[in-house]
Amino acid sequence: MKRAALAIALLLGVLATLPARAESIAGSTFASGNWRGAAFETNGRFTHCGMSARYRSGISMFFSVSGDWTWRIAWQHDDWRLTVGQAVPVTFWIDSFPPRQVNAKATQASFAIAELPAEANVFDLFRRGYMLYVTAEGRRFQFSLEGTYAALTSLGMCVKQQRQIAGLDPAPAPAPPPQLQGPAPREPQPPPRPQADLPQPTMEQRLQAMTIVANMLAQSDMGGFRILSDSELRTLDNSFLNIGHIVWQGPRVLGMLRIIPRGAAASVDEVAANILAGDSRSCKGTFASGFTSDELGAAKRMFSACDSAVLRVLLRYTVVAADDGVFYIFLTTGRHGDLANRDTIDQAEATLRKAVYEVMRR
C-alpha cells in the first residue's frame, strides 16, 4: 500500500514538472472494491485524486483525475526496467471495441503513465467494459474492469469534494420554494429533438452526475438501493434503461439517470416532450402519458405507460435542471416492467425524488 500511495502521489507532479512531490490530503482516503485512493496536494493546493488496484500478474493499475478533470491511466510493476523519460507507444482496447493509441511516459523504471482522451465515450467504456487489453513494446497485458463503475464514481466524488473545498465549485443556491399558483399559460414548444441528435455529455458532467447519484442513494430513505455493476447492467436487456448513463436497483424497482448536456435542450419542457414522444413511438399498443404536480421543487414530472402484447410497462420520470445548463432525467420503473407494480413504483419514485432534491440543493 505504501508503494501504491507513493506512485499515485507522483502522478501529477511528474507530468506537470512540478518540483515538489504531491502529498495525500488528510481524511481523503477512500476504498471501492479492490481500488484504494485519496486526494493529493502540492504546496497546499489540491492537484488530483488518484486510485490504484493490484492485479495477480503483479501489475498495479492507476487512475488519476486532476482538478481540471484531466484524467490519466498508469501501470507499475517491480520487475520493469524502463528508461526514465522514455515514451512508450501503447495500444489499448476494451472488449471488442476498436483499439486506440496513446503515448505513455516512463516516470520511473517501473512506472509509466498516459493521458487518456477527454472523450465521454472512452470514459464510458472504462466504466462499463469487461476487459481492458494493452499492448506495449511487443507485450500484451489484460486487466479485468469489474468494479470500475463504482470505483470511478468514488474517484469523481473525491475530485468534486476537493473542488468545493478549494472554492472551484461553489455549492448551488437553495432551490426556491414551490409557487402556490395555477399553471402558467402554455406556450408553443419546438418539435421534439430526436435522441440520436443529442451530443454526448463530457466526462466531467458524467462524474458530477455519478456524485449526485451516489449521494442520493446514500440517503437514509433510499435503503436497499445500489448502483448496478457492469455485468448486472448487461443482463438487464431493457431498452428504456440502456440509454441511461447510471443505472441502479432497489426493492422491486429499477432506476436510471440520463444526462442531457448543455445546449442540447432549452428547457425542461423540451426535454419532457422528447421523452414522451420517444416513448410513444416505442409503444406498439395502448399508450398513455401525462404530467403530475411537483410539490417539492422546480422540476418536471411525468409518466408514460404502454400496454401491448409484448410490453407492459409504467415509467415515471423527473426532469431536473442543473445550474450549469445540464438537465438530468431520473427514471423509475418496475424490475420486470409490470403495470401491476404501480404502487411500488410510485412509492419508490417519491422517495427518489425527495433524495434528488436534497442532494441538488446542497
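Using 7 Å Cα-to-Cβ label points, what is the residue 142/residue 115 separation (nm, one decimal)?
3.2 nm
Using Cα pairs closer than 8 Å and at least 6 residues apart in sequence, work out the relative contact order for the stretch 110-157, in percent.
29 percent
In debye to the nearest 20, how big a dipole does the stretch 56-166 give about its Cα centre with +1 on each Lys and Arg Cβ and -1 on each Asp and Glu Cβ?
60 debye
Tell me, in nm to one decimal, what length is gained between residue 266 and residue 243 on full extension, where the rule is 0.36 nm per residue of separation less the Cα-Cα distance?
That pair, residue 266 and residue 243, stretches by 6.2 nm at full extension.
Fully extended, how many nm does the chain gain between residue 235 and residue 97 (0.36 nm per residue separation, minus their Cα-Cα distance)?
That pair, residue 235 and residue 97, stretches by 47.8 nm at full extension.
Please give the contour-minus-distance gain from residue 133 to residue 55: 0.36 nm per residue of separation, less the Cα-Cα distance, rounded to one decimal in nm.
Length gained, residue 133 through residue 55: 26.7 nm.
Each value in this text was obtained by applying a stated rule to the coordinates, not by laboratory testing. Here the structure is a predicted model, which is why all the values come from computation and not from measurement. With ideal geometry, Cβ positions are generated from the backbone for all residues, glycine too; neighbour counts draw on all protein chains shown.
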